[in-house]
Amino acid sequence: MKTLKFFKAPFFNSYEIQKKADQFRKRYAAAGIPVDIEDIIEFELKLGIRPVSDLYLKCNTNAYLTADCSSIVVDEGQYLNPRNLFPLRFSLAHEVGHLVLHKDIVNKFRPGSIDEWKNIMKSIPDREYGFLEYHSHEFAGRLLVPPESLILEIGSCRADIKRTYDQYPDISDDLVIEYVASKIYRKFEVSPEVIARRIKIEKVWKRP
């Protein structure tokens, strides 16, 4: 475990991550949106979803992939709270991202207990840990919010978008994007923040 201070994350650029997410969706979630991430995890990947009491309080995380990649541990309170459904779906997709992109690392370093998880996370250099989290964050976003579907949903709001710009010509694109995200996020069953971020990352916003 002492060698973790010398740990280096693998390199994946955004294109590579998005390609892997698209391939995964094509294989397991071709039916469209919302992507049924729980069914994919349980019935396609054959992983367990294991609620643990006070997981977030104990180690400041909503979910993690077990060392043997057989289960995703989730915070029980959040898992059972219907109001947390959309953030939970993203957390699950995020852990699937670790499975797809970092399985070898997970097998080598991930814990057998919550205390081990906390110790390992503390020992990985912040920069390298940030790379791992970025990889899985981008994978989850691309998986749950396919760009083709995102473009279609934005298109359904075009009249509102044009009206907003006509009435407020000096309004920032960011504010209008947030407004549109608040209108369409339920289609994808993710938070409005995820939609706004995907609009910017995918570069699909066009001012009329």
The chain: percent of C-alpha pairs farther apart than 32 Å?
22
As an exercise, find the ratio Rg/Rh for segment 91-208 from alpha-carbon atoms, using the Kirkwood inverse-distance average for Rh.
1.13
Report the calculated FRET efficiency for residue 22 and residue 119 (r = Cβ-Cβ distance, R0 = 25 Å), to the nearest 0.05.
0.10
Taking protein heavy atoms only, a 1.4 Å probe, and rounding to whole percent, the accessible area of the chain owed to carbon and sulfur comes out at 52
Overall Cα dimensions of segment 81-156, principal axis frame, Å, largest first:
47, 28, 20
Global geometry of segment 127-186, whether rounded, prolate or oblate, following the gyration tensor of its Cα atoms and the 1.5 cut on a/c
oblate
Is it possible to state the helix-based mean residue ellipticity at 222 nm for the chain, with each DSSP H run of 4+ residues giving -39500 (n - 2.57), the sum divided by total residues, to the nearest 500 deg cm²/dmol? What is it?
-19000 deg cm²/dmol
Per residue, what volume in Å³ does the Cα convex hull of segment 1-121 take up?
113
If amide H atoms are modeled at 1.01 Å from N in the peptide plane, then the residues at a separation of 5 or more from residue 71, or on another chain, having amide H under 5 Å from its own are 48, 66
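Report the semi-axes of the equivalent ellipsoid for segment 1-45 in whole Å, largest first, where each axis is √(5λ) for an eigenvalue λ of the Cα gyration tensor.
Semi-axes from the Cα gyration tensor: 30, 16, 7 Å.
The values are calculated or read from the model by the stated rules, or taken from the named source; none is laboratory data. No experiment lies behind these values; they were computed from the predicted model shown. Because the Cβ atoms are built from the backbone with ideal geometry, glycine has one as well, and the counts that use them run over all protein chains shown. The area values use the complete protein model at the heavy-atom level, side chains included, leaving out ligands, DNA and RNA. Shrake-Rupley method; radii C 1.70, N 1.55, O 1.52, S 1.80 Å.
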